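Have a look at the structure below, then the notes.
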Amino acid sequence: MVRYSSSIDMRHMRYFVAVVTHHSFRRAAAELNVSQPPLTRQIQQLEEILGVRLLERNSRGITLTAAGESFYADARNILALVDQGATRANAIGQGQMGRIDVGVFGSAIFDVIPRIVLAFREQFPDVEVSLHTMSREEQVKALIERRIDVGFNRFFNDYPGLFWQTIASQRMLAAIPTEHPLAARASLSLSDLNQQPIIFYPPIERPGGFSNFLLRMLHERSVSVHIAQNVEDVITAISLVSSGLGIALGVDSVRNLNIPGVTYVSFDEQDAATFDLCLIHRADDHMPMLEEFVRTARAVGQGTAETSKLS
């Protein structure tokens, strides 16, 4: 089988398609901004490479041979694919097309993260954002193994080769069974939780994280609580609150979990703790798409902070 790809170049196809499209060498030359003789030589050279005639000249202009009709259709498709490939490569290089994999966990999925994803998609509709539910430890491992591009969680520490930054901060609140006496309070102090059954998430056996921070904070204030249950995530915790099992502590965004039988109460200013939502990614990853995503996350996080101040 004869291989023509090493002899036929893009100019051959572009010039040939222009001549056929305009039914004229003169008009094609004007469009291509070349003189007519070089254009004619390119078509002749193409026919010599293929060993067949592609065009027939007559008093009415030009007509295609059967071989010419076949080559014209293929040449148009090839040129369109090349243009499409170049456009896609440029868009990906500019961070406007492709896919970004995001690790998520916790209450931020009810507020901040959806707004970040929505704002990013509005700017870059051709970029697919794929969310993966992962714990903090799973996110770190997935980043190192390059299975995700960015992660969202709280209480990140320094990890070799990874960079993290605070995106937003949220105030702590309590999710209380509606029939519980504390649910009628306008606000709470930490001392109000003394001897109360608390539902912790994630399990306190895991080092670091939200549950262990809460335990340390309560201990520092000499507040003794009863561990009613250890659960994996906030949805399970709030669901158990609705059943009357105990109280769960969380951040402002859990208010979006409108579960019957649960009342959300904020803490007094002296006991108002805030928790940072952090974004983490590989320190050596300078992919334009990722940089745009991080920029969007910062902007949305800043907006969240301003809204929190106003409220």
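Among the candidates L118, L131, single out the residue that is free of Cβ contacts under 8 Å to residues at least 40 places away in the same chain, surrounded by fewer than 17 Cβ atoms within 10 Å (Cβ to Cβ) and not in a helix (DSSP H, G or I). Walk me through how you get there before you give the answer.
Values: L118 fails: not in a helix (DSSP H, G or I).
Matching residue, one of L118, L131: L131.
Check whether at least one residue in region 77-90 is under 18 Å from the mean Cα position of the chain (by Cα) and among the small types (G, A, S), and report yes or no.
no
Examine region 144-153 for a residue that is at pLDDT below 90 and either acidic (D, E) or farther than 26 Å from H226 by Cα (or both), and state whether such a residue exists. Spell out how you get there, then give the answer.
Residues of region 144-153 at pLDDT below 90: 153.
Within this subset, residues satisfying the condition of being either acidic (D, E) or farther than 26 Å from H226 by Cα (or both) are 153.
The answer is yes, given that some residue of region 144-153 is at pLDDT below 90 and either acidic (D, E) or farther than 26 Å from H226 by Cα (or both).
Condition (residue is more than 30 Å from F213 (Cβ to Cβ), more than 13 Å from the chain's Cα centre (by Cα) and in a helix (DSSP H, G or I)) applied to region 136-146: is it met by at least one residue?
For region 136-146, residues more than 30 Å from F213 (Cβ to Cβ), more than 13 Å from the chain's Cα centre (by Cα) and in a helix (DSSP H, G or I): absent.
Residues in region 217-235 that are open to solvent by less than 80 Å² (accessible area, probe 1.4 Å) and either in a loop (DSSP other than H, G, I, E, B) or among the basic types (K, R) (or both): how many?
Residues in region 217-235 being open to solvent by less than 80 Å² (accessible area, probe 1.4 Å) and either in a loop (DSSP other than H, G, I, E, B) or among the basic types (K, R) (or both): 5 in total.
Would you confirm whether or not region 282-289 contains a residue that is buried (at least 19 other Cβ atoms within 10 Å of the Cβ), of a type outside the set (A, V, I, L, M) and either touching a Lys or Arg at 6+ places or on another chain (Cβ under 9 Å) or at pLDDT 95 or above (or both)?
no
Which one is nearest to M289 (Cα to Cα), of the residues in region 47-72 that are surrounded by 12 or more Cβ atoms within 10 Å (Cβ to Cβ) and without any contact (Cβ under 8 Å) to a residue 12 or more places away in the chain?
Going through the qualifying residues, I end up with S70.
Could you pull out the residue among S239, S253 that is buried (at least 22 other Cβ atoms within 10 Å of the Cβ), touching a residue at least 12 places away in the same chain (Cβ under 8 Å), of a type outside the set (A, V, I, L, M, F, W, C) and under 19 Å from A108 (Cα atoms)?
Working: S239 fails: buried (at least 22 other Cβ atoms within 10 Å of the Cβ).
After ruling out the rest, the residue left standing is S253.
Looking at F163, F156 in this structure, which one is part of a loop (DSSP other than H, G, I, E, B), within 23 Å of D284 (Cα to Cα) and among the aromatic types (F, W, Y)?
F156
Output the number of the condition that L214 fails; it satisfies all remaining conditions of (1) at pLDDT 95 or above; (2) crowded, with 18+ Cβ neighbours inside 10 Å.
(1)
Read through the list (1) under 15 Å from T166 (Cβ atoms); (2) open to solvent by less than 40 Å² (accessible area, probe 1.4 Å), then give the number of the only condition that R298 fails.
All conditions pass for R298, except number (2).
Can G261 be described as surrounded by 20 or more Cβ atoms within 10 Å (Cβ to Cβ), of a type outside the set (A, V, I, L, M) and either touching a residue at least 24 places away in the same chain (Cβ under 8 Å) or touching a Gly at 6+ places or on another chain (Cβ under 9 Å) (or both)?
Working: surrounded by 20 or more Cβ atoms within 10 Å (Cβ to Cβ): no; of a type outside the set (A, V, I, L, M): yes; either touching a residue at least 24 places away in the same chain (Cβ under 8 Å) or touching a Gly at 6+ places or on another chain (Cβ under 9 Å) (or both): yes.
The answer is no for G261.
May I ask you to verify whether T274 is open to solvent by less than 50 Å² (accessible area, probe 1.4 Å), of a type in the set (S, T, Y) and in contact (Cβ under 8 Å) with a residue 60 or more places away in the chain?
Details: open to solvent by less than 50 Å² (accessible area, probe 1.4 Å): no; of a type in the set (S, T, Y): yes; in contact (Cβ under 8 Å) with a residue 60 or more places away in the chain: yes.
When the stated conditions are applied, T274 does not pass them.
The values are calculated or read from the model by the stated rules, or taken from the named source; none is laboratory data. Nothing here was measured: the structure is a model prediction, and the numbers come from that model. Cβ sites come from the backbone with ideal geometry, for glycine too, and all protein chains shown count toward neighbours. Surface areas here come from the heavy atoms of the whole protein model, side chains and all, with no ligands, DNA or RNA. Shrake-Rupley method; radii C 1.70, N 1.55, O 1.52, S 1.80 Å.
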